[in-house]
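Presented below is the structure to which this report refers.
The values are calculated or read from the model by the stated rules, or taken from the named source; none is laboratory data. These numbers come from a predicted model, not from an experiment. All Cβ positions, even for glycine, are placed from backbone atoms using ideal geometry, and neighbour counts span all protein chains on display. Ligands, DNA and RNA are stripped out before the accessible areas are found, and what is left, the full protein with its side chains, is counted by its heavy atoms. Shrake-Rupley method; radii C 1.70, N 1.55, O 1.52, S 1.80 Å.
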Amino acid sequence: MTVDLVVRNCTVVTPDGRSPDSGIAVEDGTIVAVARSGRLPDGDQVLDGGGAVLVPGIVDCHIHNREPGLEYKEDWESATRAAAAGGVTTVVGMPNTDPVIDSPEHLELKFERGEASAHVDFQSYAVVTSENLESIPDIDEAGALGFKIFLGSTVGDVPPPSDGEILEAMERIRETGKRLGFHEENGEIVDHYTERFRAAGRNEPIDHAHSRPVIAEREAVERAITFAEETGAKIHMFHVSSGSAAKAVARGKGRGVDVTAETTPHYLWFTEDVLREKGNVARIQPPIRDADEHEHLWRVGIDEGAIDCIATDHAPHTDEEKLVEDPFGNTWDAISGFVGLETEVPAMLTFVDEGRFTLEEWVSRHSRRPAQIWGMYPQKGSLRIGTDADFTIVDTDLEWTLEDREELHSKTRVTPFEGESFTGKAVATVVRGEVVYEDGDVVGESGYGTRVDVD
Ligand code: DOR
Ligand code: ZN
């Protein structure tokens, strides 16, 4: 028997363990065998992993791909090109585009654009505002992966619904069986301190971080959890940045609430000192926290397990919007967010190299769990026979430095990871049996990526 693609001579790692000298056989885009190299069938195309590590495709459930409407920052093609180059096989786009993704029509537009140009598979969230509570069942029918509520205003200025509207949204979303994620910063606290800081002339990048204190995040987490406890909704905390918020998630889990949480490589990698060193380049919402909260996030979130998954919050902006020419310029003139798709796997592999995660724990949080949380498992996030042949091959020993952000594939390339050194990198990315990235080149076709179907 000859199959379409065989990958041999890898250490195959899943959350359940690792098998050396193994590989995968693929036919018609699905996995037909995972076995020792010598027991795999012949393939029309054969890749020799050279002893590298092969893991189920990385799932990034939090990116801002900016299309429709903000293509000057990024679009589906460029975001998914960066994903392929970063070892990411599935991405989920955020709804703060123009128009915002708040109706079946806008969701369909987002899907159409993705079908036309994506390199890897994709999905999208829809936003819930004061205006569209009644549309929740129709948005569900139109195929959204899940829903998002902004509890405080952030980039895109989507106004937060009232607490009553949030409760009603949770009841309606519960009926769809889907999950509701939050941008969890209490808008009133953030607005208050922002005004105070600006009036006092506190204009440095670190002031932006301090104007969005941990209590704003913790209160928002606790409120969402209390409402979910009341309504029975399934909820998710996007981009948890502090140990205090992770602790609040742990308490919610302890009370039996179906609350999941993500953090990002930048909260695990940097402390707020990066704002003093790199300025507005590192400005993001929620902000990068001080050393105490950072360590607490590692302990409660990672070591004790309050954080389920890793995502980037990939948020491209132009150099002008990020004040790249003047990184310590007035922070209130700068925008929040930076790209991350091509540094997330290297950052996580560096943590593995430092002994802070095992490979199995990394794969659990960066592939299996996000797929499970958002209802894409086992089609995505597993290496089961009969599922999509999505996998990422990584070199865990490669030591390298992101010397020049122009190496990146996004349309705009601002990142505080420029100049950082890593141990590990994706060397090949395979989506439904097609090699989309190999040896430094994106080789897949724009438009190959497709929407992940969820019921
Ligand atoms: O820093 C951020 N940037 N935080 C957000 O909540 C949104 C994101 C963006 O869209 O740029
Ligand atoms: Zn985001």
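A few notes on this one:
- Index of the failed condition, Arg289 passing every other in (1) basic (Lys, Arg); (2) buried (at least 24 other Cβ atoms within 10 Å of the Cβ); (3) part of a helix (DSSP H, G or I): (3)
- Residue ID - farthest from His317 (Cα to Cα), chosen from residues in the range 260-286 that are open to solvent by 10 Å² or more (accessible area, probe 1.4 Å) and within 16 Å of ligand 2 (Cβ to nearest atom): Gln285
- Odd one out for Ala25, checked against (1) buried (at least 23 other Cβ atoms within 10 Å of the Cβ); (2) free of Cβ contacts under 8 Å to residues at least 24 places away in the same chain; (3) within 23 Å of the chain's Cα centre (by Cα): (3)
- Verdict on Gly146 being closer than 19 Å to Met237 by Cα, of a type in the set (Gly, Ala, Ser) and in contact with a strand residue (DSSP E or B) (Cβ under 8 Å, 6 or more places away or on another chain): yes
- A residue that is more than 24 Å from Gly156 (Cβ to Cβ) and assigned to a loop (DSSP other than H, G, I, E, B) cannot be found anywhere in the range 242-254.
- Filtered by the rule that a residue be farther than 27 Å from Val452 by Cβ and open to solvent by 20 Å² or more (accessible area, probe 1.4 Å), the range 380-412 gives Asp395, Thr396, Asp397, Leu398, Glu399, Trp400, Thr401, Glu403, Asp404, Arg405, Glu406, Glu407.
- Test: residue in the range 28-39 that is touching a residue at least 40 places away in the same chain (Cβ under 8 Å), part of a strand (DSSP E or B) and open to solvent by less than 20 Å² (accessible area, probe 1.4 Å): yes
- Any hit, the range 154-173, residues being within 15 Å of Ile284 (Cα to Cα), open to solvent by 70 Å² or more (accessible area, probe 1.4 Å) and either more than 16 Å from ligand 1 (Cβ to nearest atom) or of a type outside the set (Ser, Thr, Tyr) (or both): yes
- Selection count, the range 303-335, where residues are open to solvent by less than 10 Å² (accessible area, probe 1.4 Å), assigned to a helix (DSSP H, G or I) and more than 16 Å from ligand 1 (Cβ to nearest atom): 0
- Of all residues in the range 179-209, exactly one satisfies the criterion of being among the hydrophobic types (A, V, I, L, M, F, W, C) and part of a loop (DSSP other than H, G, I, E, B), namely Ala200.
- Look at the range 229-253: where a residue is among the aromatic types (Phe, Trp, Tyr) and a partner is within 16 Å of ligand 1 (Cβ to nearest atom) and part of a loop (DSSP other than H, G, I, E, B), sitting 6+ places away or on another chain with Cβ atoms under 8 Å, you get Phe238/Glu184; Phe238/Ala311; Phe238/Asp313.
- All of Thr429, Thr415 fail the test of being buried (at least 17 other Cβ atoms within 10 Å of the Cβ), of a type in the set (S, T, N, Q), touching a residue at least 60 places away in the same chain (Cβ under 8 Å) and under 24 Å from Trp374 (Cβ atoms), apart from Thr429.
- The requirement of being modelled with pLDDT of 95 or more, part of a strand (DSSP E or B) and of a type in the set (A, V, I, L, M, F, W, C) is not satisfied by Val414.
- Filtered by the rule that a residue be free of Cβ contacts under 8 Å to residues at least 40 places away in the same chain and under 28 Å from the mean Cα position of the chain (by Cα), the range 6-22 gives a lone residue, Ser19.
- Within the range 153-178, the residues that satisfy the criterion of being part of a loop (DSSP other than H, G, I, E, B) and away from ligand 2 (no atom under 16 Å from the Cβ) are Pro159, Pro161, Ser162, Gly177, Lys178.
- Check on Val454, modelled with pLDDT of 95 or more and hydrophobic (A, V, I, L, M, F, W, C): no
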